[in-house]
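The values are calculated or read from the model by the stated rules, or taken from the named source; none is laboratory data. As the structure is a prediction and not an experimental result, all values here were calculated from the model. Because the Cβ atoms are built from the backbone with ideal geometry, glycine has one as well, and the counts that use them run over all protein chains shown. To get the accessible areas, we keep the full protein, side chains included, count just its heavy atoms, and leave off ligands, DNA and RNA. Shrake-Rupley method; radii C 1.70, N 1.55, O 1.52, S 1.80 Å.
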Amino acid sequence: MTDDLRQAMVQVKQVAVHHRNNYIGTEHLLWGLTAEDNTATRLLRAADVSPDDLHRAVGARLSMGASQAAERIAWTPYSRKAMAIAEERAEAAGSARIDCDQLLLGLTQIGRGVAAGVLSDAGVELTTLDDCLRRSG
């Protein structure tokens with residue numbers, strides 16, 4: 001993982017613990033990716049999507065759980081799939097490290113989970129993000 005993605009993952013874990021969730025869902029991943037400036041937020045802006053609006057929208061869908069979050073929190077299947085897609089994209093790009101934009105593309109590509117709903121509601125499409133990424137690369 002790049003330093004930016006590591007920092008986003010700190011946000012991911014913090015929001016899961018704060019909401020007493022004992023899992024990392026796609027909503028937590030999208031929250032973390034849109035919490036600070038990184039390659040995912042820059043890609044969203046290039047696609048004319050406000051990262052702040054997405055951050056607020058996903059925040060509105062986070063629910064308070066009943067469990068005490070453990071030190072080690074399990075990932076949901078869709079979150080693991082999004083990370084696997086991000087790894088594949090990083091490898092295809094010749095990088096040994098995953099970056100925030102690749103995880104955003106993974107969340108968009110799986111098309112399932114809370115993050116997919118938030119992204120879809122905001123009009124975010126995989127083809128648009130891929131086009132913006134190609135233009136910037």
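If packing is taken as the average count of other Cβ atoms within 10 Å, what order do 23-34, 38-49, 116-127 fall into, highest mean first? Each step should come with its number before you reach the end.
Numbers: 23-34: 26.5, 38-49: 19.7, 116-127: 16.3.
In decreasing order of mean packing, 23-34, 38-49, 116-127 become 23-34, 38-49, 116-127.
Could you give the accessible area per residue of the stretch 56-137, probe 1.4 Å, as a whole number in Å²? Kindly include the intermediate steps, with their values, before the conclusion.
Working: 4780 Å² over 82 residues.
Dividing the accessible area of the stretch 56-137 by its residue count gives 58 Å².
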Other-chain or far-sequence residues with amide H under 5 Å of Leu62's (modelled H): none
Length released on extending from His18 to Ile73, taking residue separation times 0.36 nm less the Cα-Cα span: 18.5 nm
Total charge dipole magnitude, the chain, about the Cα centre, Cβ charges on Lys, Arg, Asp, Glu only, Debye to nearest 20: 400 debye
Bins of 5 Å, starting at 0 and running to the largest distance - Cα pair percent for the chain: 2, 11, 22, 26, 22, 11, 5, 2, 0
Å² per residue, accessible surface of the stretch 1-43 at 1.4 Å: 41 Å²
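Contact order normalised by length for the stretch 32-137, with contacts defined as Cα pairs under 8 Å and 6 or more residues apart; what percent is it? Could the numbers behind the result be given before it?
Working: 97 pairs, mean separation 34.2, N = 106.
For the stretch 32-137, the relative contact order is 32 percent.
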Share of carbon and sulfur in the accessible heavy-atom surface of the chain [1.4 Å probe, %]: 47 percent
Mean residue ellipticity (222 nm) of the chain, computed from DSSP H runs ≥ 4 via -39,500 (n - 2.57), nearest 500: -20000 deg cm²/dmol
